[in-house]
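In what follows, a structure is listed as structure tokens, so that the remarks can point back to it.
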Amino acid sequence: MTDLAPHLWSRLQAADREWLRSLARQAGPHARVALVGGAVRDAFLGQTPLDLDVVAEGANVEALARAAGLPVLFHPAFQNATVTLPDGRATDLVRARRETYPVAGRNPVPHPGTLEDDLWRRDFAANALALHIGPDGGVSLLDPVGGLEDLAARVLRPLHPHSLHEDASRLVRAARLAARLGFTADPELLRQVPDALAVAGDTPRLWAELKLLLSEARPGAAARTLERWGAGGVLPGVPWLEGLDRLQDNGQPVSPQLYAAAALHASADPAQLGARLGLGDRPAGLLARALSDTYFPDDTPERVLRGLLRPDAPVPLTGRDVLALGVPPGRAVGEALSHLARLRRDGQIRSREDEQEALQQYLEGKGTWGG
């Protein structure tokens, strides 16, 4: 570990290293400051950590956060501070703590603790590593739970027998990490899946994690991971989400709104799912447009989603197609398109060829245009 710590430290951006050193100096010789969690994990995996979580033991967190003169939002209840770095990234500086869960699924109750306590309260061993920065700038690696071994094996292992029961959102977070990083579930994680599902409906953070899942690079892969673990019911529409993954793999840009709309389409109660995920109105609006018969150009979100959900839906004719048949610009074009829309709603048009034939018959029935 002595040799690994400087190597992990070197993965950070120079400006981030300097900020962390300044925190350690400001905290003083009797305090401890450490970079924890995903940043250490990502450094081990060869990435440049950008999402920084910092824990301070034995220091005034608010004073420490404000010492650098950066924008700070302080949360007294948990003794947490959100610090905005010069490049705009938000980082968390928190007081070392342990936690208890009086009610499964609800917010934990924080208690002052040590740096080691703080690592033990985390979700998985692979995320329970810390780089301690001394007042002199030296770094050392803390691994009280065997996280390095799990990282090397790319395994996600809960830290406690009731970890997923206390916070079911950890199940969704595990699926996100597994899909993103290529990790597998430890048998202990799989053993706890039914416990997580039993309290999923009473865990508000689970819905926040599902919304984050829809913003992953490949949400379909994460949703399929949940399904393989026996938790497919928490997010519907896995085949469609995977279909959007494939479009992305082939170079088609796919936004989180598209993924959200696909999940809503698969839900038995789209309004309830949208409210639980906090999606707002945009995904539902996108879905409604995609399922309509309105024409949308290639590569628009509506056309992409329609191609996924209604692959056999004909591409509606447009005003340009009507004009090409000699209809003069104006009201007559709109009337022709309205006629075709009625036929589509009545199920009389099932292909573009049907639509072209119906338009030709409609125009012939109208006689000579403009006469």
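The values are calculated or read from the model by the stated rules, or taken from the named source; none is laboratory data. Being a predicted model, the structure only gives us computed values, none of them experimental. Virtual Cβ from ideal backbone geometry, glycine too; neighbours counted across all protein chains shown. Quick note on the areas: whole protein, heavy atoms, side chains included, nothing else; ligands and nucleic acids left out. Shrake-Rupley method; radii C 1.70, N 1.55, O 1.52, S 1.80 Å.
Observations on the structure shown:
- Residues of segment 70-102 that turn out to be among the hydroxyl-bearing types (Ser, Thr, Tyr) and in contact (Cβ under 8 Å) with a residue 60 or more places away in the chain, as a count: 1
- Selection within segment 85-112: residues that are modelled with pLDDT under 95 and among the small types (Gly, Ala, Ser). The member of this set that is surrounded by the most Cβ atoms within 10 Å (Cβ to Cβ) is Gly105.
- Ala153 being open to solvent by 20 Å² or more (accessible area, probe 1.4 Å) and either over 25 Å from the mean Cα position of the chain (by Cα) or at pLDDT 95 or above (or both): yes
- Tally of residues being free of Cβ contacts under 8 Å to residues at least 40 places away in the same chain, farther than 16 Å from Pro158 by Cβ and in contact with a strand residue (DSSP E or B) (Cβ under 9 Å, 6 or more places away or on another chain) across segment 114-137: 2
- Selected residue (only one of Leu206, Leu212, Leu286 is assigned to a helix (DSSP H, G or I) and closer than 30 Å to Arg320 by Cβ): Leu286
- Residue count for segment 1-30, restricted to those that are in contact with a helix residue (DSSP H, G or I) (Cβ under 8 Å, 6 or more places away or on another chain), assigned to a loop (DSSP other than H, G, I, E, B) and open to solvent by less than 20 Å² (accessible area, probe 1.4 Å): 1
- Count of residues meeting criterion [farther than 30 Å from Ala31 by Cβ and surrounded by fewer than 23 Cβ atoms within 10 Å (Cβ to Cβ)] in segment 158-175: 4
- Reported count of residues in segment 164-180, each being touching an Asp or Glu at 6+ places or on another chain (Cβ under 7 Å) and touching a residue at least 40 places away in the same chain (Cβ under 8 Å), is 8.
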